[in-house]
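Engineer: The following block contains the structure, expressed as structure tokens.
The values are calculated or read from the model by the stated rules, or taken from the named source; none is laboratory data. Here the structure is a predicted model, which means the values were calculated and not measured. Here the Cβ positions follow ideal geometry from the backbone for every residue, glycine too, while neighbour counts run over all protein chains shown. In case anyone asks, the SASA skips ligands and DNA or RNA and just uses the protein heavy atoms, side chains included. Shrake-Rupley method; radii C 1.70, N 1.55, O 1.52, S 1.80 Å.
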Amino acid sequence: MSAIHLALASDANPAYLCGLTVAAGSALRHLPPHARAVIHILDLGIPNTAFDECATILSSLHPQAEVRRHPIDAARFEGLPTWRGSLAIYARLILPSLVDAEWCIYADCDLLFTADPNRLLALADKSMLCQGHLNPRDATVDRREFGWFADNHIPIDPNRYLCSGLLLLNLGLFRALNVERQCFDFLSRHPDAYFPDQTAINAVCHGRTQVLPDDWGLLTWHNPNPMRIPVGAVHFAGDAPWTALSAQDRPACSAAHLLWIKTARQIVPAPSFLAKAIPDLTAFCLRKWLPFRLWRALPRWMAAPPWVRSPKRRAKRLWLRRAEPMPAELM
């Protein structure tokens, strides 16, 4: 292929734009110097100054990188349900009319490339509409997704049901079969789909999807070996690094989170990274982890409030800090 086309979408949320910069930057850093890459940023309200900063960072990471901005009017998706307050999920469905290429890689903002994207393009199958990572199954997915398909009498193969966070799209075949229009017609008939974009793509492309090797798009919470980072692409679905308290508090994906943080600090300037990450990080801590820890500590505090500890308990705490043996009466 003459160029690698990588598409990512974001709205005005600075955390998403920070993630987009890291995701696209990680792909560029693994490309060989002679390879040409076109980064398509699907813009649903990104401020001009923030976009210019993002484009400058990405252009500086690779000599053959080109950044293209595709402004999208949110009114185009009027009436469709949002996902966590954002309409950016639908941008991937209109890629055939935005990107003039035969093949395109779509990546969510909470994704990190750990290998050359050319290796992903080498897996392209011209007979398939899209290829991606198999969506892991659990009780929630079975109820919300496959239960929904069964209730609506829509055929679906769970063994070829793709996660839409990383997709290798055959845009030429998309345009030939008018898949874009079919997806939006499907959503207008089924506005109650829980994962709207993912459900529409899998339903419309049924029978023409293919599962990629596990290393391409492996979800961190589904990684059987948390200390191993796949050589391909890591997907932080539902566990985005900018909303995780720290790697120590999320041991199931500590290695992947540490790699994302290291990459972010190398790609995004420190002041900008901190300005984008810390507010969301603080809000996450106050909203989730602080109440959780207070609730866990409540029974202990009710049994022995810290402000009315006995002299014996205070003395014991002091002795625990020393290297000398503790007296028997305090044991």
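Engineer: Suppose we take every Cα in the stretch 96-162 and form the convex hull; what volume per residue is that in Å³?
Structural biologist: Working: hull volume 10.1 nm³, N = 67.
It is 151 Å³ per residue.
Engineer: Something else now. Counting only DSSP beta bridges with both residues in the stretch 1-129, tell me the antiparallel percent, nearest 5.
Structural biologist: Working: 1 of 18 bridges.
Counting only bridges with both partners in the stretch 1-129, antiparallel ones make up about 5 percent.
Engineer: Given H placed 1.01 Å from N in the peptide plane, which residues other than close sequence neighbours of residue 4 have an amide H under 5 Å from its amide H?
Structural biologist: Amide H neighbours of residue 4: 36, 37, 38.
Engineer: Next question. Amide H to amide H, which residues 5 or more places from residue 45 or on other chains are under 5 Å from it, using H placed in the peptide plane?
Structural biologist: 72
Engineer: Please list 76, 208, 189 in order of solvent-accessible area, largest first, computed with a 1.4 Å probe with all protein chains present. Working shown, then result.
Structural biologist: On the way: 76 125, 208 85, 189 150 Å².
I get 189, 76, 208, largest accessible area first.
Engineer: Probe radius 1.4 Å, ligands and nucleic acids left out: which of 138, 108, 214, 239 has the largest accessible area, and how do the rest follow? It would help to have the intermediate numbers written out before the result.
Structural biologist: On the way: 138 55, 108 30, 214 85, 239 10 Å².
Ranked list, largest accessible area first: 214, 138, 108, 239.
Engineer: A follow-up question, please. Based on a Kirkwood Rh over C-alpha pairs, give the Stokes-Einstein translational diffusion coefficient of the stretch 54-105 at 10 °C and viscosity 1.306 mPa s in µm²/s. List each step's numbers first, then the result.
Structural biologist: On the way: Rh = 13.4 Å.
Answer, rounded: 119 µm²/s.
Engineer: Shifting gears a bit: Can you work out the FRET efficiency for the pair residue 123 and residue 151, with r the C-beta to C-beta distance and R0 = 30 Å, to the nearest 0.05? Please report the intermediate quantities before stating the final value.
Structural biologist: Numbers: r = 34 Å, r/R0 = 1.13.
The formula returns an efficiency of 0.35 here.
Engineer: With N set to the number of residues, divide the alpha-carbon radius of gyration of the stretch 1-153 by 2.2 N^0.38 Å and report two decimals.
Structural biologist: Working: Rg = 16.6 Å, N = 153, 2.2 N^0.38 = 14.9 Å.
Against the empirical 2.2 N^0.38 Å value, I get 1.12 for the stretch 1-153.
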